[in-house]
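Q: This is the structure, below, for whatever I ask next.
The values are calculated or read from the model by the stated rules, or taken from the named source; none is laboratory data. Source: prediction; values computed, not measured. We place every Cβ from the backbone using ideal geometry, glycine too, and count neighbours over all the protein chains shown.
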Ligand SMILES: [Fe+2]
């Protein structure tokens, strides 16, 4: 029964889209927030950790109209480099200013010996990596004074050292670090295709009450591989994973990610509308009608 579902501890925000500068004008020009057809925005944290006031002022204006979440790309939760205290201080300041519903980053490493690769590199799926990331997520949460959500990344190669499936490591991380999860259904679809595992099995293994948010996006085909390009509409296989997950979990805040060949805002709103209709049909929840 719906009432017995374990629910996420964070508020249900409805369906949002990734906040991109190309859409600032359209968002701020809307006479009423409801006319945009989205309920919330996810802002890339690092885009607003900059000197100068304009990006932060724009985020202030959008925050005055909509809930937001902050999504980071450089906490470097899996690296063996030390956590960056300066970065954490800037993130804490951003949180204090914009009061996001939650903060997220990725299950990955991005730097080695102080050199950043500027990419989200997958981690070996081992017990020692799990211990390492649990400890770093706990330290980040202690510093920020709040739980964060950790997102699964897509991958194209696997490590010979792997000891467990990714869903097992991600679920154990959530429990042991007492953190949330940002479940990216597109990344699951991409990795399942590239590695030949069952995406449904992955989605079914995730503890629903740990999931703060879902990501939906569209990948590209490159030969035999799927590549996580975020430059296409959400494919049918990802919509199917979405429906499957919220049938079990109930309503979970959902975000459309589109980062390259970004279309006009109205096209993003069409994708958001499809997510809303699935939420209404499958989870009995109509975003925008909540109290
Ligand atoms: Fe994502």
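Q: Please state which of the following conditions residue 140 fails to meet, knowing it meets all the rest: (1) surrounded by 20 or more Cβ atoms within 10 Å (Cβ to Cβ); (2) in contact (Cβ under 8 Å) with a residue 60 or more places away in the chain; (3) within 16 Å of the ligand (Cβ to nearest atom).
A: (3)
Q: Just a yes or no: is a residue in segment 81-90 buried (at least 21 other Cβ atoms within 10 Å of the Cβ), on the phi < 0 side of the Ramachandran plot and touching a strand residue (DSSP E or B) at 6+ places or on another chain (Cβ under 7 Å)?
A: Initial filter on segment 81-90 (buried (at least 21 other Cβ atoms within 10 Å of the Cβ)): none.
The answer is no; no qualifying residue exists.
Q: Can you tell me which residue among 215, 230 is outside any helix (DSSP H, G or I) and crowded, with 23+ Cβ neighbours inside 10 Å?
A: Every option except 215 fails the conditions.
Q: Another question, then. Within segment 143-158, can you find the residues that are assigned to a loop (DSSP other than H, G, I, E, B), more than 16 Å from the ligand (Cβ to nearest atom) and at pLDDT 95 or above?
A: The initial filter retains those residues of segment 143-158 that are assigned to a loop (DSSP other than H, G, I, E, B), namely 145-148, 152-158.
Subsequent filtering for residues that are more than 16 Å from the ligand (Cβ to nearest atom) retains 145-147, 157-158.
Of everything in segment 143-158, those that are assigned to a loop (DSSP other than H, G, I, E, B), more than 16 Å from the ligand (Cβ to nearest atom) and at pLDDT 95 or above turn out to be 145, 146, 147.
Q: If you scan segment 207-228, which residues turn out to be away from the ligand (no atom under 12 Å from the Cβ) and out of contact with any helix residue (DSSP H, G or I) (no Cβ under 6 Å at 6 or more places or on another chain)?
A: 209, 211, 212, 220, 221, 222, 223, 224, 227 - these are the residues of segment 207-228 that are away from the ligand (no atom under 12 Å from the Cβ) and out of contact with any helix residue (DSSP H, G or I) (no Cβ under 6 Å at 6 or more places or on another chain).
Q: Please verify whether segment 242-250 includes one or more residues that are under 24 Å from residue 208 (Cα atoms), within 16 Å of the ligand (Cβ to nearest atom) and either out of contact with any helix residue (DSSP H, G or I) (no Cβ under 6 Å at 6 or more places or on another chain) or at pLDDT below 95 (or both).
A: no
Q: Looking at segment 168-186, which of its residues are away from the ligand (no atom under 16 Å from the Cβ) and either in a helix (DSSP H, G or I) or over 20 Å from residue 253 (Cβ atoms) (or both)?
A: 168, 169, 171, 172, 173, 174, 175, 176, 177
Here's the yes/no breakdown for (1) within 27 Å of residue 204 (Cβ to Cβ); (2) assigned to a helix (DSSP H, G or I); (3) at pLDDT below 95:
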| residue | (1), (2), (3) |
| --- | --- |
| 95 | no, yes, no |
| 111 | no, no, yes |
| 137 | yes, yes, no |
| 161 | yes, no, no |
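Q: Exactly one of these conditions fails for residue 198: (1) closer than 25 Å to residue 245 by Cα; (2) free of Cβ contacts under 8 Å to residues at least 24 places away in the same chain; (3) surrounded by fewer than 19 Cβ atoms within 10 Å (Cβ to Cβ); (4) within 16 Å of the ligand (Cβ to nearest atom). Give me its number.
A: Among (1) closer than 25 Å to residue 245 by Cα; (2) free of Cβ contacts under 8 Å to residues at least 24 places away in the same chain; (3) surrounded by fewer than 19 Cβ atoms within 10 Å (Cβ to Cβ); (4) within 16 Å of the ligand (Cβ to nearest atom), the lone unmet condition for residue 198 is (4).
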